[in-house]
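The block underneath contains the structure these notes are about, expressed in structure tokens.
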Amino acid sequence: MRTDAATTVFNLPGYRVTSAEVLACGQRRIRVESVLEAGCRGCGVISARRHSRRLQRVRDIRVAGPVEVIWSKRRFFCDEPECGRKTFAESTPQVPAYSRSTARLRQALTEAVIGSGRAASETATAFGVSWWLVQRALDAAVLKLPDVDSLAPVRLGIDEHRFRSVRFFQDPATKAWTRYEPWMSTLVDLDTGQVLGVVDGRDSTGVGDWLKARPLGWRLGVQVVAIDPSAAFRKALRMWLPRTAVSVDAFHLSMLANAMVTEVRQRLCQEAKGRRGRATDPVWANRRLLLKGAERLSDRGRNRLQVVFAVDDSTGGLQAVWDVKEQLRTLLRTGSIADATAAKAELGRLVDRAGQPEARRLYRTVCRWWNEIEVLIVTGATTAKVEANNTAIKNIKRTGRGFVNNTNYKTRILLRSAARTAA
């Protein structure tokens, strides 16, 4: 059927434009009516015997500016004698029963928030609707996401991020203040990069309850899980994924080594000079070079480090722990268990030679996580895609100026991840 020009331009599926006018305020008013057959919601029988007609205002997207849409909505008689519903109002895929906005408007709102990264309040203002409508559109979109239990991830990644800023609460009875850090843990499919779940806290309870809720076949299908050196995550995995190999992330181990070098540098400076480092001290001026990988140093950088060790490291302890740090990085880059075992033995020798308590603590951590390090060397599973999602989560928080409701916060995360994964 050939449609008129106004209906073609307005392009609302299932409707045709009957009239258009410009109001005194300059806004346009478009009157439409449905061209689809109407079926009874009780029995499904198609009826053409009209009972009455009424006008309903419908919220819709802007078409070259704001538009007021008036739907001439019909009510029909139900001609099925056995049906208890005598009359019914028509509904369409664009405007279902009890709806006051079009499906294309709800889709546009969802795409604006998730696809374009706009804040919900800013999107509501731009489309001329309420914040609640935007949130309802997002909640409806979450229900359409694939069920996590229907997915079959082989490799998982788990990491935590802070939901909101640190807060302090006072007990009315004791007047004691308690520090509260609202953390959340993210579970990601390492093959697709999609966020599968977001749970409260960063302890074994939250992650364990989420894994417990998954079907047995789902859990048996997971082969490798990558985590940071978190005893809480490892406890949950040992309980609910006992047959799954656990890999510890190399980046987090390298961070522990860098933190060890920094602690030793600060302690040695206090012991030798009785104060913290200053800009005139070579060891403080080159503190960032100490944390840089040896293979990434330029000739100038190596010369500067040699000056630091020769001039501002009288005990030799700083160079010793720097060697420990580099040996750990070498260990993490090995490609076989045999090479890793040899590198571990060399790491132990360097730790003994350094004689620093911070280096011994780092070595104990390596020993406690040695099984997970072996899995890392064999599988190469890291939390890189989890960290990438955490960066996107930070952008979501920044765009939304923070979130008070953690359910809405999780909705944004899941929808954004699903949209990026599908793209």
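Quick one: count up the residues across the stretch 337-379 that are under 33 Å from the mean Cα position of the chain (by Cα), farther than 12 Å from Met260 by Cβ and touching a residue at least 24 places away in the same chain (Cβ under 8 Å).
11
Tell me whether the stretch 255-277 contains one or more residues that are under 22 Å from Trp183 (Cα atoms) and in contact with a Pro (Cβ under 8 Å, 6 or more places away or on another chain).
Within the stretch 255-277 (the criterion being under 22 Å from Trp183 (Cα atoms) and in contact with a Pro (Cβ under 8 Å, 6 or more places away or on another chain)), the answer is yes, since at least one residue qualifies.
Considering the stretch 127-139 alone, what residues qualify as being within 12 Å of Leu105 (Cβ to Cβ) and assigned to a helix (DSSP H, G or I)?
Phe127, Leu133, Val134, Arg136, Ala137
For the stretch 169-176, state whether one or more residues are in a strand (DSSP E or B) and within 30 Å of Ala245 (Cβ to Cβ).
The answer is no, given that none of the residues of the stretch 169-176 is in a strand (DSSP E or B) and within 30 Å of Ala245 (Cβ to Cβ).
Those residues that are under 16 Å from Ser150 (Cβ atoms), within 11 Å of the chain's Cα centre (by Cα) and outside any loop (DSSP other than H, G, I, E, B), I need them from the stretch 187-204; list them, please.
Correct list: Leu187, Val195, Leu196, Gly197.
With the structure loaded, tell me whether Arg202 is in contact with a Ser or Thr (Cβ under 6 Å, 6 or more places away or on another chain) and charged (D, E, K, R) or whether it fails that test. First the steps, then the outcome.
Numbers: in contact with a Ser or Thr (Cβ under 6 Å, 6 or more places away or on another chain): yes; charged (D, E, K, R): yes.
For Arg202, the condition - in contact with a Ser or Thr (Cβ under 6 Å, 6 or more places away or on another chain) and charged (D, E, K, R) - is met.
All but one of (1) within 16 Å of the chain's Cα centre (by Cα); (2) surrounded by fewer than 19 Cβ atoms within 10 Å (Cβ to Cβ); (3) not hydrophobic (A, V, I, L, M, F, W, C) hold for His161, so report the exception by its number.
Checking His161 against (1) within 16 Å of the chain's Cα centre (by Cα); (2) surrounded by fewer than 19 Cβ atoms within 10 Å (Cβ to Cβ); (3) not hydrophobic (A, V, I, L, M, F, W, C), the one that fails is (2).
Is it the case that Thr178 is in contact with a strand residue (DSSP E or B) (Cβ under 6 Å, 6 or more places away or on another chain) and among the β-branched types (Val, Ile, Thr)?
In short, yes.
Just to check your reading of the model, which residue among Ser72, Ser101, Ser121 is touching a helix residue (DSSP H, G or I) at 6+ places or on another chain (Cβ under 8 Å), under 21 Å from Val9 (Cβ atoms) and modelled with pLDDT of 90 or more?
Only one candidate qualifies: Ser101.
Here are some residues: Val207, Val225. Which one is out of contact with any Asp or Glu (no Cβ under 6 Å at 6 or more places or on another chain), assigned by TED's automatic domain parsing to the domain that holds Asp159 and more than 28 Å from Phe403 (Cα to Cα)?
Going through Val207, Val225 in turn, just one is out of contact with any Asp or Glu (no Cβ under 6 Å at 6 or more places or on another chain), assigned by TED's automatic domain parsing to the domain that holds Asp159 and more than 28 Å from Phe403 (Cα to Cα): Val225.
Filter the stretch 239-275 down to residues that are among the charged types (D, E, K, R) and either out of contact with any helix residue (DSSP H, G or I) (no Cβ under 9 Å at 6 or more places or on another chain) or closer than 21 Å to Met184 by Cβ (or both) and give me whichever is surrounded by the most Cβ atoms within 10 Å (Cβ to Cβ).
Checked the stretch 239-275; the qualifying residue surrounded by the most Cβ atoms within 10 Å (Cβ to Cβ) is Asp249.
Being touching a Phe, Trp or Tyr at 6+ places or on another chain (Cβ under 8 Å) and under 19 Å from Arg416 (Cβ atoms) is the filter here, so list the residues in the stretch 96-133 that pass it.
Answer for the stretch 96-133, where residues must be touching a Phe, Trp or Tyr at 6+ places or on another chain (Cβ under 8 Å) and under 19 Å from Arg416 (Cβ atoms): Ala108, Leu109, Ala112, Ala120, Ser121, Ala124.
Quick check, is Thr262 in a helix (DSSP H, G or I), out of contact with any Asp or Glu (no Cβ under 8 Å at 6 or more places or on another chain) and of a type in the set (Ser, Thr, Tyr)?
In short, yes.
Using the structure shown, decide if Thr262 is polar (S, T, N, Q) and at pLDDT below 95.
So Thr262 fails the test.
Across the stretch 19-37, which residue is nearest to the chain's Cα centre (by Cα) among those that are more than 18 Å from Thr102 (Cα to Cα) and in contact (Cβ under 8 Å) with a residue 24 or more places away in the chain?
Gln27
Kindly establish whether Trp132 is surrounded by fewer than 20 Cβ atoms within 10 Å (Cβ to Cβ), within 16 Å of Asn408 (Cα to Cα) and in contact with a His (Cβ under 9 Å, 6 or more places away or on another chain).
Details: surrounded by fewer than 20 Cβ atoms within 10 Å (Cβ to Cβ): yes; within 16 Å of Asn408 (Cα to Cα): yes; in contact with a His (Cβ under 9 Å, 6 or more places away or on another chain): no.
No.
Say we look at the stretch 372-423 and pick out the residues that are among the small types (Gly, Ala, Ser) and farther than 23 Å from Asp249 by Cβ; which of these is surrounded by the fewest Cβ atoms within 10 Å (Cβ to Cβ)?
Only one residue tops the list, namely Ala423.
Yes/no per residue for (1) touching a His at 6+ places or on another chain (Cβ under 8 Å); (2) polar (S, T, N, Q):
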| position | (1), (2) |
| --- | --- |
| Cys25 | no, no |
| Ser34 | no, yes |
| Gly39 | no, no |
| Cys43 | no, no |
| Arg50 | no, no |
| Phe76 | yes, no |
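May I ask you to list the residues in the stretch 205-219 that are more than 10 Å from Trp240 (Cβ to Cβ) and part of a loop (DSSP other than H, G, I, E, B)?
Correct list: Pro215 only.
The values are calculated or read from the model by the stated rules, or taken from the named source; none is laboratory data. All values reported here derive from a predicted model rather than from experimental measurement. FYI the Cβ positions are ideal-geometry reconstructions off the backbone, even for glycines, and counts take in every protein chain you see.
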